[in-house]
1. For a footprinting-style exposure proxy, rank ILE129, ILE21 by other Cβ within 10 Å, fewest first.
2. Along the Cα→Cβ direction, 7 angstrom out, place labels at ASP100 and GLU155. What is the inter-label distance in nm?
3. Give me the number: length gained by fully extending GLU44 to ARG85, i.e. 0.36 nm times residue separation minus the C-alpha to C-alpha distance, one decimal in nm.
4. Mind checking segment 61-145 for GluC sites (Glu not before Pro) that DSSP puts in a loop (not H, G, I, E or B) and that have at most 16 other Cβ atoms within 10 Å?
5. Can you tell me what share of the DSSP beta bridges in the chain is antiparallel? A percent to the nearest 5 is fine.
6. Let's test the formula: R0 of 22 Å, r as the Cβ-Cβ distance of ASP24 and GLU73. What FRET efficiency results, to the nearest 0.05?
7. Helix-only mean residue ellipticity at 222 nm, the chain, DSSP H runs n ≥ 4 weighted -39,500 (n - 2.57), per residue, nearest 500. What is it?
8. Could you work out the relative contact order of segment 8-181, using alpha carbon pairs under 8 angstrom and six or more residues apart, expressed as a whole percent?
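Any read-out appearing in this document is the output of simple, stated calculations on the displayed coordinates, not a laboratory observation. Please read these numbers as outputs of a predicted model, since none were measured by experiment. All Cβ positions, even for glycine, are placed from backbone atoms using ideal geometry, and neighbour counts span all protein chains on display.
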Amino acid sequence: MTAASRRAVFFDRDGVLNEAIVRDGKPYSPAGLEELVIPGDAHEALRRLQDAGFVLIGATNQPDVARGIQRREIVEALNAALLDRLPLERIYVCYHDDRDGCSCRKPRPGLLLQAAEEYGIDLARSFMIGDRWRDVEAGRRAGCRTVLLVGRHSEEVPTAPEYTAKSLSDAASWVLSQAAARGGVR
């Protein structure tokens, strides 16, 4: 494939690839492997996208590492478990907090831009699926089409996604329909 010719679907981690831990209406990352729950439709939804030729990549903010609340090894163990159980190519991680001013913390598009460079991804032909406004905004800033996966928590979303999905299966079906409408799924 030529440079920037591949299509990708980017996924937020907590609340999308795995269930977020919701306390007082706010989503949190699992504290460890014992709290890791993958949605029942995740594997099949991702397999359908992979079969259609999409590169599947996770992109996650993990600011609790910078805040001293979570250990990097735990984040890496959770990511390894997801990579083992789901057909993902890679999970990119931002370990910073907002005050660090990095380019990789969503809503900035740094993680997606890095993946695009490393994997030859055409961001204009790609999609970002997330459950929070930061995911939608990062996808928009990177030039991707965006999907908001609604879950058990509620958060104001200042940037409207192009599609709002009730499940990963729903999101995958929409992505595939959009890809087919733009010239085929492969």
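1. Least crowded to most crowded, the residues run ILE21, ILE129.
2. Distance between the two pseudo-spin positions: 1.7 nm.
3. 13.6 nm
4. Of the GluC sites (Glu not before Pro), the ones in loops of segment 61-145 whose Cβ has at most 16 other Cβ atoms within 10 Å are GLU89.
5. Values: 3 of 24 bridges.
If I count the DSSP bridges inside the chain, around 10 percent turn out antiparallel.
6. Values: r = 27 Å, r/R0 = 1.24.
Result of the calculation: an efficiency of 0.20.
7. -9500 deg cm²/dmol
8. Details: 316 pairs, mean separation 41.5, N = 174.
Dividing the mean separation by the residue count of segment 8-181 yields 24 percent.
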